[in-house]
Structures are given as structure tokens and as C-alpha cells.
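Below: one structure, written as C-alpha cells.
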């Protein structure tokens, strides 16, 4: 009876600590895997030549938008899957929007300033040598609207209007681009890339038109490999 009771207590003890054991095993396994996979961490920044494309749903006044030059900056994590293929996660602050100018007796310039926090998931393919590589990438990009302001200038006077309530809080885009990186130290590289961000969602819709964001982005930065 005592031996049977000991077996039951031992089994209960094992079952009690089994989740903890599995969790610790998962942590050790993850650490073992990531210790063998090169991981790149870095910072990047640049400019966004932003614009708005308009689909006219009915006959209405046509917007003649021009580019708004905005800044963008943030960080990224790059995980190498195989030798020349990796997955990159971007976290960026991006200034988007466009400029609309109307010629009249009193010229009117209306700047739509839409600022986003973006999270991109990019598939990246590389070619080249350890010191110098070229690459191409593509992937989805999810943006969260932070601020939306319309700045109107009439003659020498200007005013700003908060228009955030008129726009959707989330935007989805497809990023396509390429670039090059130069390793000037065993674990440190400089890079530059150009990408086109094509909006897939309508950020503003009325009975007359639907707006989508797009932009040509030029970025540079530094990557540290661990």
C-alpha cells in the first residue's frame, strides 16, 4: 500500500511540474536554435516621396495631387533562414500624404500630413560575396495612423485642421524594392535600399472618390549581426 501511494505521489508530482519542464525545454531549445541562426539588428532612416492615388467613383472635381516629401526612421530585425534568404521585420515611423495646389486669384496650397507607425514583414533574397551583397525584397506592410492634419495656406496665411476622424486607422500596403549592403567589419554592415510602397486599402472614401496611399522610399542604415 505504501509503495503504491509513493507511486501515486510521484506521478502527481511529475504531472504538476510537467508544464514547467516543457516550458523550460522550449526556452532552451529556442536559445539553442537562435544561437545558431545569424540575426541582424539595425537602424534605418530616409525619405518618403509620398503621394495619394484617387479612384473617382462618380463625376466630381479632380484632385491634382503632387508628392509630399516626408521623413521615416526606425529599426528592424533580420533572421537568416538559409544562406541567401532571410526574413526581415521593420518597425518604422513614416510621414505620408500629398500636396494639392489650386491656382486662383489667391493661390491655395493644401498639404495632407498623414503620419503612420508601420510594421513590415519582408521576404529578402541576396546575392554576392560576404563583403558586398545586393538584395531584393517584398512583403506586406501594416500601418497604424498616428496623426492626420490638413495644412491650408491661402496667400500668406495658413491654418491646420485635425482630420484624423475622416480616415481609417489602419492601412495595408505591399512593399517592393532592392538594395545593397557593404560589410566594413565582420559583424557590421552599411546598407541602402529603395522601395515602392503600394497602398492596398482605401484610407478615405466618399460617394465621389476613394483614396489610397503610395510612395517611393529611400532608406539607409547600419546592421549588426549576432
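The values are calculated or read from the model by the stated rules, or taken from the named source; none is laboratory data. All values reported here derive from a predicted model rather than from experimental measurement. Cβ sites come from the backbone with ideal geometry, for glycine too, and all protein chains shown count toward neighbours.
Just to check your reading of the model, which residue among 146, 203, 218 is over 16 Å from residue 114 (Cα atoms), surrounded by 13 or more Cβ atoms within 10 Å (Cβ to Cβ) and within 20 Å of the chain's Cα centre (by Cα)? Even if it seems obvious, please write down each step before you answer.
Details: 146 fails: over 16 Å from residue 114 (Cα atoms); 203 fails: over 16 Å from residue 114 (Cα atoms).
Among 146, 203, 218, only 218 is over 16 Å from residue 114 (Cα atoms), surrounded by 13 or more Cβ atoms within 10 Å (Cβ to Cβ) and within 20 Å of the chain's Cα centre (by Cα).
Looking at residue 130 and the list (1) surrounded by fewer than 13 Cβ atoms within 10 Å (Cβ to Cβ); (2) over 23 Å from the mean Cα position of the chain (by Cα); (3) assigned to a strand (DSSP E or B), which single condition is not satisfied?
It fails just one condition, (3).
From the residues in segment 63-77 that are at pLDDT below 95 and in a strand (DSSP E or B), which one is surrounded by the most Cβ atoms within 10 Å (Cβ to Cβ)?
The qualifying residue surrounded by the most Cβ atoms within 10 Å (Cβ to Cβ) is 65.
Check segment 93-112 and report whether any residue there is under 30 Å from residue 187 (Cβ atoms) and either assigned to a strand (DSSP E or B) or outside the structural domain of residue 195 (by TED's automatic domain parsing) (or both). Working first, answer last.
Taking segment 93-112 first, the residues under 30 Å from residue 187 (Cβ atoms) are 93-94.
Still in the list and also either assigned to a strand (DSSP E or B) or outside the structural domain of residue 195 (by TED's automatic domain parsing) (or both): 93-94.
Yes, there is a match, as at least one residue in segment 93-112 is under 30 Å from residue 187 (Cβ atoms) and either assigned to a strand (DSSP E or B) or outside the structural domain of residue 195 (by TED's automatic domain parsing) (or both).
How many residues does segment 146-192 hold that are under 26 Å from residue 220 (Cβ atoms) and either touching a strand residue (DSSP E or B) at 6+ places or on another chain (Cβ under 9 Å) or at pLDDT 95 or above (or both)? Can you show your working first?
First pass over segment 146-192, keeping only residues under 26 Å from residue 220 (Cβ atoms): 146-147, 171-192.
Next cut, either touching a strand residue (DSSP E or B) at 6+ places or on another chain (Cβ under 9 Å) or at pLDDT 95 or above (or both) only: 146-147, 171-184, 186-192.
Summing the residues that are under 26 Å from residue 220 (Cβ atoms) and either touching a strand residue (DSSP E or B) at 6+ places or on another chain (Cβ under 9 Å) or at pLDDT 95 or above (or both) in segment 146-192 gives 23.
Which is touching a residue at least 24 places away in the same chain (Cβ under 8 Å) and surrounded by fewer than 15 Cβ atoms within 10 Å (Cβ to Cβ), of 139, 156, 179, 169? Let's see the steps before the verdict.
Working: 139 fails: surrounded by fewer than 15 Cβ atoms within 10 Å (Cβ to Cβ); 156 fails: touching a residue at least 24 places away in the same chain (Cβ under 8 Å); 179 fails: surrounded by fewer than 15 Cβ atoms within 10 Å (Cβ to Cβ).
Matching residue, one of 139, 156, 179, 169: 169.
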